[in-house]
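Right, one structure below, let's go through it.
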Amino acid sequence: MKKFAILFVIPLFLLGCTDVQKIDTTNDTGKQVMSLDYRDFDQAASEMIQSLLSSGVLAKKDGSRYVVATSKVINDTMQRIDTDQLTSKIEEDLTNSGQVVMTSAVGSKSSRDETVYEMRDVRDSSKGEEFNQGTLPQKGQIVSPELSISGKIFQRNLPYDKKNQQVEYYFQLKITDIKTGLRFWQKEVLIGKRGSNKTVSW
Amino acid sequence: MKKIFLMLLFVLSAVILVGCNEPVDKRVNLVTGVNSSTLADNVLTRPVYGAFTLLAGYGIELKDVKVFRNEAGFMEIQVTGYNSAVYKKRFDYKVDWLDSNGIAVNSKANVWTTVSAKSRTVFYFKTVAPTKDVVDYRMNTRETPK
């Protein structure tokens with residue numbers, strides 16, 4: 001009976017002591033991990049944004065804003081990554097910079113807003129009669145993007161010494177002028193990590 | 001006796017020289033640990049540290065801050081520093097951008113960024129404001145977490 005009580009009570013104490021902490025994402029001094037974490041995406045996005053704003057390629061001569069679509073960013077790492085972790089930060093800052101306006105009409109699946117086309121289907125169907133006709137989107141109103149953002153994230157694993165490995169993550173982004181196909185800007189950010197072979201990077 | 005006097009004079013002058021650093025730009029805050037070792041904060045070790053830094057170097061020194069607007073109209077700052085220590089130093093910096101009302105402008109690019117400075121060398125880094133509304137800034141530093 002005594003043994004049973006000990007076996008039952010101790011796990012309860014241990015469960016109660018599980019230490020869960022909320023990450024201080026503004027001033028995180030936590031240890032690095034071999035796989036990609038939010039700090040790596042923050043760093044990559046920050047360098048991309050800085051490079052873009054500094055380059056001046058988004059400054060139109062007439063002062064108006066470029067219409068930009070987000071195309072595909074390929075995840076060629078061994079990890080399951082939602083590449084929106086990178087692109088959404090860049091889209092947010094580019095929009096706030098006042099130099100571009102993002103489009104939700106075309107682009108990668110996650111950057112599109114289905115409602116844009118759903119409302120056009122509604123307009124052309126019998127349901128459209130239920131709507132105030134003046135508020136429905138008309139044909140020829142969608143603005144075509146002028147620039148497109150695309151890219152790739154890939155990973156290389158290398159043996160460093162007997163006990164350690166080196167993992168290199170490459171973030172590559174480029175901006176292409178859709179009309180001419182010319183590439184206006186591109187940037188690569190490398191994030192390298194070294195750690196024990198026991199730690200996995202996927 | 002003369003030797004002791006000379007040693008004391010050496011330590012005293014080291015302390016005075018270390019304590020006479022006027023900041024180049026008060027908006028750039030080089031915290032303890034970045035600009036010096038924590039030994040410099042200790043009352044007991046400070047004189048010894050002062051003497052040591054005369055030989056070995058103090059740490060990160062701020063040499064110049066250039067503030068300008070790029071072609072697109074965004075404020076950019078270029079910081080010039082010098083690592084006077086005998087070893088490589090890594091530190092992080094983060095910039096708070098302020099508009100004309102003194103309100104901080106939020107940006108995803110506003111993250112701690114690491115700078116690595118080789119010993120006894122000049123280094124540069126540049127950063128750009130997220131909007132054209134920015135007119136001022138504050139830069140904070142910290143030791144890079146291990």
Exercise for review: Within the range A:29-43, identify whether any single residue is in contact with a helix residue (DSSP H, G or I) (Cβ under 6 Å, 6 or more places away or on another chain), under 30 Å from B:R142 (Cβ atoms) and touching a residue at least 40 places away in the same chain (Cβ under 8 Å), and answer yes or no.
Suggested key: yes
Review point. Of the residues that make up the range A:76-95, is at least one touching a strand residue (DSSP E or B) at 6+ places or on another chain (Cβ under 7 Å), at pLDDT 95 or above and farther than 19 Å from A:A44 by Cβ?
Key: no
Review point. Looking only at the range A:22-45, which residues are open to solvent by less than 50 Å² (accessible area, probe 1.4 Å) and under 11 Å from B:V111 (Cα atoms)?
Key: A:D28, A:R39, A:D40, A:F41, A:D42, A:A44, A:A45
Exercise for review: Considering each residue of the range A:116-140, count those that are in a loop (DSSP other than H, G, I, E, B) and of a type in the set (K, R), and give that number.
Suggested key: 1
Revision key, fill the gap. Among strands (runs of 3 or more DSSP E) completely within the range B:52-125, the ones holding 2 or more residues that are more than 14 Å from chain A (Cβ to nearest Cβ) and either of a type in the set (S, T, Y) or open to solvent by less than 20 Å² (accessible area, probe 1.4 Å) (or both) are B:75-83
**Study point:** Complete set of residues in the range A:59-71 that are at pLDDT 95 or above and either at positive phi or not small (G, A, S) (or both)
**Key:** A:R65, A:Y66, A:V67, A:V68, A:T70
Practice item. Determine if the range A:67-74 includes at least one residue that is more than 14 Å from the chain's Cα centre (by Cα), closer than 15 Å to A:I178 by Cα, surrounded by fewer than 19 Cβ atoms within 10 Å (Cβ to Cβ) and touching a residue at least 24 places away in the same chain (Cβ under 8 Å). Key: yes
Revision key, fill the gap. Of those in the range A:26-65 that are outside any helix (DSSP H, G or I) and of a type in the set (A, V, I, L, M), the residue nearest to the other protein chains (Cβ to nearest Cβ) is A:A59
**Study point:** Every residue from the range A:66-107 that is under 30 Å from A:E168 (Cα atoms), in a loop (DSSP other than H, G, I, E, B) and within 14 Å of chain B (Cβ to nearest Cβ)
**Key:** none
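A quick yes/no check of all residues on (1) under 29 Å from A:S55 (Cα atoms); (2) in contact (Cβ under 8 Å) with a residue 60 or more places away in the chain:
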position: A:Q138; (1), (2): no, no
position: A:Q141; (1), (2): no, no
position: A:E146; (1), (2): yes, yes
position: A:G151; (1), (2): yes, yes
position: A:K163; (1), (2): no, no
position: A:E168; (1), (2): yes, no
position: A:T180; (1), (2): yes, no
Check your understanding: Restricting the search to the range B:130-141, which residues are facing another protein chain (nearest Cβ under 8 Å) and open to solvent by less than 40 Å² (accessible area, probe 1.4 Å)?
Key -> B:P130, B:T131
Point to revise | Among the candidates A:S110, A:S150, residue that is in a helix (DSSP H, G or I) and under 15 Å from the mean Cα position of the chain (by Cα) | key: A:S110
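The values are calculated or read from the model by the stated rules, or taken from the named source; none is laboratory data. Everything numeric in this text was worked out from a predicted model, so none of it was measured. Ideal geometry is used to build each Cβ from the backbone, glycine not excepted, and the neighbour counts take in all protein chains shown. The area values use the complete protein model at the heavy-atom level, side chains included, leaving out ligands, DNA and RNA. Shrake-Rupley method; radii C 1.70, N 1.55, O 1.52, S 1.80 Å.
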